[in-house]
Amino acid sequence: MKTKDINGCRIELVEGDITTQDVDSIVNAANSSLRGGGGVDGAIHRAGGPGIMEECRRIGGCPTGWAVLTGGGTLPARHVIHAVGPVYRDGRHGEPELLSGCYRRCLEIAAENRFESVAFPSISTGAYGYPVADAARIALAAAAGFLRSKGVPGVVRFVLFGKAAFDAYAKVLDGLE
Ligand code: AR6
C-alpha cells in the first residue's frame, strides 16, 4: 500500500483484486454496450451476480469517456460505476482526453452520490492496450486535480492487478506535487 494526502483526502495504491474491495463504489472498465466482457468487467459481473447486468441492460449503453452507476449486487462494494475507457491507437486520437474524462466523470458520480470511498482499476490498460505508464499519469493527474478542486471523495483507491501495474502507478504518485 502506498498513499498520498491531497486536500484532506487520500489517494491509495494497492495491489490486488478490485472485486474484494469494501468501498462505497468500485469502478468497472466496461465497454460501450455494457454487456460484459473479460478482464475486470468479467470478474465484476461474476462476483456481483446477475442483478448488475440487468441494470446495465436497462441503462442500455454508455459512450467512451463517460460512466454510469448501478448497484453492487453481491459484491462487498455498495455500487459499481461502469466507465468506458478509450481503445488505444497511438495516443493522438483523443485517447488522453477520453481517459482523463472517464476518471473525472466517475469522481463526479461519486461526489454527487456522497460516496466516501471509490476504487478504480487501471482503465484501458488491458484489452484496450493503453500503455500503463501513460495511463498511470493520466489517472493520477485526474484524481489529484479533482481532489484539489472538490475535496471529495475522502478515499480514492487504485487497485492494481500485478506488481508491474502497481510499480508504474507508484512511480507516478511519487512524482506528484
Ligand atoms: N482487479 C483489478 N484489476 C484487474 C482485474 C481485477 N479483478 N482483472 C484485470 N485487471 P481490462 P480495458 C486489470 O482488460 O483495458 C473487457 O472485455 C488488468 O490487468 O479489464 O479497459 C471490457 O468488457 C488491466 O491492468 O479493461 C471491455 O470490452 C486493467 O485491469 C474491455 O475489456 C484493465 O484491463 C475493456 O478493456
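What is the one condition in (1) away from the ligand (no atom under 15 Å from the Cβ); (2) part of a strand (DSSP E or B) that Lys171 does not satisfy?
The single condition Lys171 does not satisfy is (2).
Give segment 79-104 a look and list any residue that's among the acidic types (Asp, Glu) and either assigned to a loop (DSSP other than H, G, I, E, B) or within 14 Å of the ligand (Cβ to nearest atom) (or both), or say none.
Asp90, Glu95 - these are the residues of segment 79-104 that are among the acidic types (Asp, Glu) and either assigned to a loop (DSSP other than H, G, I, E, B) or within 14 Å of the ligand (Cβ to nearest atom) (or both).
Out of segment 4-37, which residues are open to solvent by less than 50 Å² (accessible area, probe 1.4 Å), among the acidic types (Asp, Glu) and outside any loop (DSSP other than H, G, I, E, B)?
Glu12, the sole residue that qualifies.
Let me spell it out: the conditions are (1) more than 24 Å from Asn7 (Cβ to Cβ); (2) open to solvent by less than 30 Å² (accessible area, probe 1.4 Å); (3) free of Cβ contacts under 8 Å to residues at least 60 places away in the same chain, and Pro76 meets all of them except one. Which number is the exception?
(2)
Please indicate, with yes or no, whether at least one residue in segment 146-157 is touching a residue at least 24 places away in the same chain (Cβ under 8 Å), farther than 15 Å from Gly8 by Cβ and open to solvent by less than 30 Å² (accessible area, probe 1.4 Å).
Checking segment 146-157: not a single residue is touching a residue at least 24 places away in the same chain (Cβ under 8 Å), farther than 15 Å from Gly8 by Cβ and open to solvent by less than 30 Å² (accessible area, probe 1.4 Å).
All but one of (1) within 15 Å of the ligand (Cβ to nearest atom); (2) of a type outside the set (Phe, Trp, Tyr); (3) surrounded by fewer than 22 Cβ atoms within 10 Å (Cβ to Cβ) hold for Leu176; state the number of the condition that does not hold.
Failed condition: (1).
Name the residues in segment 49-63 that are open to solvent by less than 60 Å² (accessible area, probe 1.4 Å) and closer than 20 Å to Ser124 by Cβ, would you?
The answer is Cys56, Gly61, Cys62.
Return only the number of the condition from (1) open to solvent by 30 Å² or more (accessible area, probe 1.4 Å); (2) under 20 Å from Ser100 (Cβ atoms) that Arg46 does not satisfy.
Among (1) open to solvent by 30 Å² or more (accessible area, probe 1.4 Å); (2) under 20 Å from Ser100 (Cβ atoms), Arg46 violates only (2).
I'd like the full set of residues that are near the ligand (Cβ under 9 Å from one of its atoms), acidic (Asp, Glu) and in contact (Cβ under 8 Å) with a residue 60 or more places away in the chain, limited to segment 16-42.
Asp17
List every residue pair whose Cβ atoms sit under 6 Å apart, with the two residues 6 or more apart in sequence or on different chains, where the first one lies in segment 116-143 and is charged (D, E, K, R) and the second, anywhere, is more than 6 Å from the ligand (Cβ to nearest atom).
Glu116/Asp24; Glu116/Pro153; Glu116/Gly154; Arg137/Val172
Looking for something touching a Lys or Arg at 6+ places or on another chain (Cβ under 8 Å), under 29 Å from Lys150 (Cα atoms) and either near the ligand (Cβ under 9 Å from one of its atoms) or not in a loop (DSSP other than H, G, I, E, B) (or both) - is there at least one such residue anywhere in segment 43-52?
No, the conditions are met nowhere in segment 43-52.
Within segment 119-137, how many residues are touching a strand residue (DSSP E or B) at 6+ places or on another chain (Cβ under 6 Å) and more than 7 Å from the ligand (Cβ to nearest atom)?
Final tally of qualifying residues: 2.
Return the only residue of Glu112, Glu116 being open to solvent by 60 Å² or more (accessible area, probe 1.4 Å), away from the ligand (no atom under 15 Å from the Cβ) and out of contact with any strand residue (DSSP E or B) (no Cβ under 7 Å at 6 or more places or on another chain).
That would be Glu112, the only listed residue that is open to solvent by 60 Å² or more (accessible area, probe 1.4 Å), away from the ligand (no atom under 15 Å from the Cβ) and out of contact with any strand residue (DSSP E or B) (no Cβ under 7 Å at 6 or more places or on another chain).
The values are calculated or read from the model by the stated rules, or taken from the named source; none is laboratory data. Here the structure is a predicted model, which means the values were calculated and not measured. With ideal geometry, Cβ positions are generated from the backbone for all residues, glycine too; neighbour counts draw on all protein chains shown. Each accessible area value is taken on the protein alone, full model and side chains, heavy atoms only, with ligands, DNA and RNA left out. Shrake-Rupley method; radii C 1.70, N 1.55, O 1.52, S 1.80 Å.
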